[in-house]
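Following: one structure in structure tokens, then a few remarks.
Rule-based calculations on the coordinates, nothing more; no lab input. All values derive from a computational prediction rather than experimental measurement. Cβ placement follows ideal geometry from the backbone for every residue including glycine, while neighbour counts extend to all protein chains displayed.
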Amino acid sequence: MNNYTIDEATIYFKNLLESQIERVNNLAKSSEWVDYSTKDKIIIGICWGDGIGESISNQAQRILEYCLKDKVNDGTVIIKQITGLTIENRAAQGKAIPDDILEELKECDVILKGPTTTPQKGDQWPNIESANVAMRRELDLFACVRPVSVPEKNIDWVFFRENTEGAYMLGSKGIHLNNEMSIDFKVISNLGAERIIRLAFEYAKNNGKKKVTV
């Protein structure tokens, strides 16, 4: 965080508001979800990440290619490796996701991502944002869907967590004001809230669920 005067903070906040209004307006223009059943081919990106990412991603790719052998052979599924999301590359470029890697990710319909290091205070890496948070925001991956099943306790739940708004949207944009106060930001929009709720209801309707709690 940088230190800001009141006048600087006012301009900064105005720019944030304008960027978020533009984002929500763009959401309104592209609110329809992709129907993957209508696509001629599906591109699956295998994004290594860093650390053990290369090893586990290669094994995941091997299994995918076996399970989807027929579709890979006839070209309806294309699997491509994305190797540049290492902490070394991100640190060198000073970005959570380097621009060229982001373009590769945007070309994919599905992304299987390995682990990525988020810098922590005291380690060797510069203070760059989490690649996970940046990827969710840049690709508008707004829903984290987590099924939980514990049959002996009669638990059969599916959690839908909003993945891009709230603290995620501007989580790295907080400011210090004159060394006396810090301000951080959350963003909640009607469109953002409505679509995660609608997704949960659509899932319930299509999967025989009788109860939705929001």
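Structural remarks
- Separation of alpha-carbon centers, region 1-28 and region 118-153, rounded to whole Å: 24 Å
- Simple Cβ-charge dipole of the chain, Lys/Arg +1 and Asp/Glu -1, about Cα centre, in debye nearest 20: 860 debye
- 9 Å beta-carbon shell around I196, net charge (K/R +1, D/E -1): 0
- Coil-residue trypsin sites (Lys or Arg not before Pro) of region 1-39, DSSP, other Cβ within 10 Å capped at 14: K39
- A simple rule links phi to the HN-Hα coupling: the Karplus curve 6.51 cos²θ - 1.76 cosθ + 1.60 with θ = phi - 60°, which for region 116-122 gives 10, 6, 9, x, 10, 4, x Hz, with x for Gly and Pro.
- At most 11 other Cβ within 10 Å, DSSP loop - chymotrypsin sites (Phe, Trp or Tyr not before Pro), region 18-74: W33
- When restricted to Cα atoms, the chain yields an Rg and a Dmax of 20.2, 63 Å, respectively.
- Taking 0.36 nm per residue of separation and subtracting the current Cα-Cα distance, fully stretching the chain between E88 and Q20 would add 21.4 nm.
- In this structure the amide hydrogen of L177, modeled in the peptide plane, comes within under 5 Å of the amide hydrogens of Y4, S182, I183, none closer than 5 places in sequence on its chain.
- Cut-off under 5 Å, modelled amide H: who pairs with I79 long-range: I44
- Note on region 130-214: Cα-only Rg and Dmax are 16.8, 56 Å.
- Taking all Cα pairs closer than 8 Å and separated by 6 or more residues, the relative contact order of the chain comes to 20 percent.
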